[in-house]
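**Q** First the structure, which I've put down as structure tokens, then a few questions once you've had a look.
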Amino acid sequence: MSGRSGKDSRGRQHRHKGSSGNGRASSRGGGTPLAIAGVPVAVGQQVVCDIVGLTHEGEGVGRVEGYTLFVRGALPEEKVRAEVVSIGKSFGKARMTELLVTSSGRRDAPCPIYDTCGGCQLQHLDYAEQLRWKRQHVVDNLVRIGKLAVAGEDGGEGVIVHPVIGMNDPWRYRNKAQVPIGFGDGGLIGGFYEQGSNDIVEMDACLIQQEENEVLVRAVKEAARLLDISAYNRSTGHGLLRHVVVRHARTTGQRMVVLVTNGANIPHVQELVGLIREKVPGVASVCQNVNTAVTPVVFGEQTRVLWGEDVIYDDIAGIQFAISPRSFFQVNPEQTERLYSKAVEYASLTGEEIVVDAYCGAGTISLFLARYARRVYGVEIIPEAVEDARRNALLNGIHNVEFAVGAAEVVMPRWQADGITPDVIVVDPPRKGCDPALISTMLELRPERIVYVSCNPSTLARDLKLLEDGGYRAVEVQPVDMFPHTGHVECVVGICRVDT
Ligand code: SAH
């Protein structure tokens, strides 16, 4: 049920699309080349591969005569037999046909749909090993891209990379499910897009999803079937129900359902709401979002309440958040608390500081920081998120925060011109990292400390290099496992100004 939503607004990168090689190539009528001069393997060939690494997409990195083959499902230290599926000049892809040497970290993935779904990439690796791998992935990026010295690597000094903070029970953590609806043999179905396609596969259980969400999605599907509500057909653009989005607030137990529909009118809407509420008593909000566009984007512009409240409330470390159908809210609340506590720790505030929270979303980190700072300025590009941030500040009686809508790289120089001089800057950018203009402004403002929260180790490493070249030093990195069983890892970095 994580569907394609595992990364929320931060997007998802697909690497290794396969560079179709240049040079002399033989191909099947101009398609993917079957053989390339200088490449030691050909498409269709069976090879024996040593697996030497793991990509963040969870593919094993295989080597055959120095050539790299990505093999899904294979783990480091394994030896596999594989069939070459595609090749390019510098790397190719292969399908594992036989496991010849098994890693001691290999586990049976507990999820029955693990192979078709693609929402998780690491279930076949022991959880403690996943955490070790994620730390190493961070270290490798810092060394290779950031050119940073990492303490303990080669026995020397450098930035400290702590062990990853994992979950005690790394299952059933997601508080939000975004389920695409479509047609199956028996009528309306809902589940996930099959890996690499737009086909929807029916799903009943997702082991990284909170059970409360599962029960609710099941209830909505059953009610829709009973009332003959049509499923959206992505090929023809006909049919009504496109997505079912559900959220569960861990601390209050409130649940929200959003029906994303291809048109404003839902037949038997009152019966539908009645059935959902009857089956799942904890529902506090049933909303409708209309999306008639031909687009993979889930939500359209119009949202209305069908029954109950327009928001549900959740709590992170004593701060309340109102969550509306389209609000950004972290999907793993338990780990979010750990992540933000680290950010606050690295900010080391005394109550006197002026703090800037760039890329502030709905103000989550800003509100955490505000408790310990004189004033916090948050900036965020999405207007609705800033509305949420302001509402959340009021809800908690926090008055020493101010939020601005706009691009951080544009708003920060404006603040600079207005004489706002932060002691600490916190950044939490999307996957592509900080805008270079923002880094320049930070270097001009020269705050004492910078805290960098990152969801992408490679852009983190790139930006840390710029900061180090500009007179800052990355002191310590705390990786946090926000998305167990996926290749993602979140980091908080404490960075200080080097005074000369
Ligand atoms: N700190 C928040 C959100 C982090 S996600 C939290 O933890 O909840 C990154 C945020 O950056 C998103 O909300 C995205 O809308 C915003 N964003 C993307 N580009 C931006 C830019 N150039 N300037 C300001 N915000 C931006």
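**Q** Could you tell me whether any residue of segment 276-291 is under 24 Å from ALA389 (Cβ atoms) and surrounded by fewer than 17 Cβ atoms within 10 Å (Cβ to Cβ)? Show your work before the answer.
**A** Narrowing segment 276-291 to residues under 24 Å from ALA389 (Cβ atoms): 284-285, 287, 289.
Next, only the ones that are surrounded by fewer than 17 Cβ atoms within 10 Å (Cβ to Cβ) stay: none.
Checked against the condition, which is being under 24 Å from ALA389 (Cβ atoms) and surrounded by fewer than 17 Cβ atoms within 10 Å (Cβ to Cβ), segment 276-291 yields no hits at all.
**Q** Turning to a different aspect of this structure: Give me the helices (runs of 4 or more DSSP H) completely within segment 361-451, filtered to those with at least 2 residues that are of a type outside the set (Phe, Trp, Tyr), away from the ligand (no atom under 14 Å from the Cβ) and surrounded by fewer than 21 Cβ atoms within 10 Å (Cβ to Cβ), ordered by residue number. Lay out the reasoning, then the answer.
**A** Working: elements: 364-370, 383-395, 408-417, 436-445.
Passing ranges, in order: 383-395, 408-417, 436-445.
**Q** May I ask you to list the residues in segment 353-365 that are in contact (Cβ under 8 Å) with a residue 60 or more places away in the chain and either more than 21 Å from ARG473 (Cα to Cα) or polar (S, T, N, Q) (or both)?
**A** TYR359, CYS360, GLY361, ILE365
**Q** Right, another one. Residue check: is GLU476 surrounded by fewer than 23 Cβ atoms within 10 Å (Cβ to Cβ), more than 14 Å from the ligand (Cβ to nearest atom) and part of a helix (DSSP H, G or I)? Walk me through how you get there before you give the answer.
**A** On the way: surrounded by fewer than 23 Cβ atoms within 10 Å (Cβ to Cβ): yes; more than 14 Å from the ligand (Cβ to nearest atom): yes; part of a helix (DSSP H, G or I): no.
When the stated conditions are applied, GLU476 does not pass them.
**Q** Scan segment 40-52 and give yes if some residue there is at pLDDT 95 or above, within 29 Å of the chain's Cα centre (by Cα) and surrounded by 17 or more Cβ atoms within 10 Å (Cβ to Cβ), otherwise no.
**A** yes
**Q** Could you list, in sequence order, the residues of segment 489-500 that are buried (at least 22 other Cβ atoms within 10 Å of the Cβ) and not in a strand (DSSP E or B)?
**A** Here is the first cut: in segment 489-500, the residues buried (at least 22 other Cβ atoms within 10 Å of the Cβ) are 489-495.
Residue satisfying the conditions is VAL489 alone.
**Q** Before we move on, is ALA293 part of a loop (DSSP other than H, G, I, E, B) and more than 16 Å from the ligand (Cβ to nearest atom)?
**A** Values: part of a loop (DSSP other than H, G, I, E, B): yes; more than 16 Å from the ligand (Cβ to nearest atom): yes.
Yes.
**Q** Turning to a different aspect of this structure: Give GLY487, GLY471 a once-over and let me know the one that is in the same structural domain as ILE160 (by TED's automatic domain parsing) and more than 30 Å from LEU54 (Cβ to Cβ).
**A** Working: GLY487 fails: more than 30 Å from LEU54 (Cβ to Cβ).
That would be GLY471, the only listed residue that is in the same structural domain as ILE160 (by TED's automatic domain parsing) and more than 30 Å from LEU54 (Cβ to Cβ).
**Q** How many residues, within segment 326-337, are within 21 Å of PRO430 (Cβ to Cβ) and out of contact with any helix residue (DSSP H, G or I) (no Cβ under 7 Å at 6 or more places or on another chain)? Don't jump to the end; show me each part of the working.
**A** Our first condition is that a residue be within 21 Å of PRO430 (Cβ to Cβ); within segment 326-337, this holds for 326-333, 335-336.
Of the ones still in play, those that are also out of contact with any helix residue (DSSP H, G or I) (no Cβ under 7 Å at 6 or more places or on another chain) are 329, 332-333, 335-336.
Residues that pass the stated criteria total 5.
**Q** Let me ask something else. Which one is nearest to the ligand (Cβ to nearest atom), of the residues in segment 317-346 that are among the polar types (S, T, N, Q) and surrounded by 19 or more Cβ atoms within 10 Å (Cβ to Cβ)? Give the derivation first.
**A** Step one: list which residues in segment 317-346 are among the polar types (S, T, N, Q), which gives 320, 324, 327, 330, 332, 335-336, 341.
Those still in the list that are surrounded by 19 or more Cβ atoms within 10 Å (Cβ to Cβ) too: 324, 327, 330, 332, 335-336.
Details: SER324: 14, SER327: 10, GLN330: 6, ASN332: 11, GLN335: 12, THR336: 7 Å.
Of everything passing the filter in segment 317-346, GLN330 is nearest to the ligand (Cβ to nearest atom).
**Q** Something else now. Being buried (at least 22 other Cβ atoms within 10 Å of the Cβ), outside any loop (DSSP other than H, G, I, E, B) and either touching a residue at least 24 places away in the same chain (Cβ under 8 Å) or at positive phi (or both) is the requirement here; does GLY119 meet it? Quick ask: steps written out before the conclusion?
**A** Values: buried (at least 22 other Cβ atoms within 10 Å of the Cβ): yes; outside any loop (DSSP other than H, G, I, E, B): no; either touching a residue at least 24 places away in the same chain (Cβ under 8 Å) or at positive phi (or both): yes.
For GLY119, the condition - buried (at least 22 other Cβ atoms within 10 Å of the Cβ), outside any loop (DSSP other than H, G, I, E, B) and either touching a residue at least 24 places away in the same chain (Cβ under 8 Å) or at positive phi (or both) - is not met.
**Q** In segment 347-360, what residues are surrounded by fewer than 22 Cβ atoms within 10 Å (Cβ to Cβ) and part of a loop (DSSP other than H, G, I, E, B)?
**A** The initial filter retains those residues of segment 347-360 that are surrounded by fewer than 22 Cβ atoms within 10 Å (Cβ to Cβ), namely 348-354, 359.
SER348, LEU349, THR350, GLY351, GLU352, GLU353, TYR359 - these are the residues of segment 347-360 that are surrounded by fewer than 22 Cβ atoms within 10 Å (Cβ to Cβ) and part of a loop (DSSP other than H, G, I, E, B).
**Q** Go through segment 140-163 and report how many residues are under 30 Å from GLY196 (Cα atoms) and either in contact with a strand residue (DSSP E or B) (Cβ under 8 Å, 6 or more places away or on another chain) or of a type in the set (S, T, N, Q) (or both).
**A** Number of matching residues: 1.
**Q** Then there is this: Are any of the residues in segment 129-138 acidic (Asp, Glu) and surrounded by 18 or more Cβ atoms within 10 Å (Cβ to Cβ)? Before you say what the answer is, go through the steps one by one.
**A** At the first step, the residues of segment 129-138 found to be acidic (Asp, Glu) are 129.
Those left that are additionally surrounded by 18 or more Cβ atoms within 10 Å (Cβ to Cβ): 129.
For segment 129-138, residues acidic (Asp, Glu) and surrounded by 18 or more Cβ atoms within 10 Å (Cβ to Cβ): present.
**Q** Okay, next question. Contact list please: Cβ distance under 6 Å, first residue in segment 66-81 and over 16 Å from HIS124 (Cα atoms), second residue surrounded by fewer than 24 Cβ atoms within 10 Å (Cβ to Cβ) and of a type in the set (Ser, Thr, Tyr), pairs at least six apart or on different chains.
**A** ARG81/THR97
**Q** From the list LEU240, LEU188, LEU207, LEU259, pick out the single residue that is more than 19 Å from ARG326 (Cα to Cα), touching a helix residue (DSSP H, G or I) at 6+ places or on another chain (Cβ under 8 Å) and surrounded by 14 or more Cβ atoms within 10 Å (Cβ to Cβ). Break it down into steps so the answer makes sense when it comes.
**A** Details: LEU240 fails: touching a helix residue (DSSP H, G or I) at 6+ places or on another chain (Cβ under 8 Å); LEU207 fails: touching a helix residue (DSSP H, G or I) at 6+ places or on another chain (Cβ under 8 Å); LEU259 fails: more than 19 Å from ARG326 (Cα to Cα).
When all the criteria are applied, what remains is LEU188.
**Q** What are the residues in segment 122-139 that are within 22 Å of VAL477 (Cβ to Cβ) and part of a loop (DSSP other than H, G, I, E, B), if any?
**A** Across segment 122-139, the qualifying residue is only LEU122.
**Q** List the residue pairs whose Cβ atoms are under 8 Å apart, where the first residue sits in segment 404-415 and is within 21 Å of ASP388 (Cβ to Cβ), the second is among the hydroxyl-bearing types (Ser, Thr, Tyr) and near the ligand (Cβ under 9 Å from one of its atoms), and the two are 6 or more positions apart or on different chains.
**A** ALA408/TYR359
**Q** Could you please let me know if THR252 is free of Cβ contacts under 8 Å to residues at least 40 places away in the same chain and in contact with a strand residue (DSSP E or B) (Cβ under 8 Å, 6 or more places away or on another chain)? Before the answer, list the steps.
**A** Details: free of Cβ contacts under 8 Å to residues at least 40 places away in the same chain: no; in contact with a strand residue (DSSP E or B) (Cβ under 8 Å, 6 or more places away or on another chain): yes.
So THR252 does not fit the description; no.
The values are calculated or read from the model by the stated rules, or taken from the named source; none is laboratory data. Fair warning: this is a prediction, and the values are worked out from it, not measured in the lab. Neighbour counts run over all protein chains shown; Cβ positions are idealised from the backbone, glycine included.
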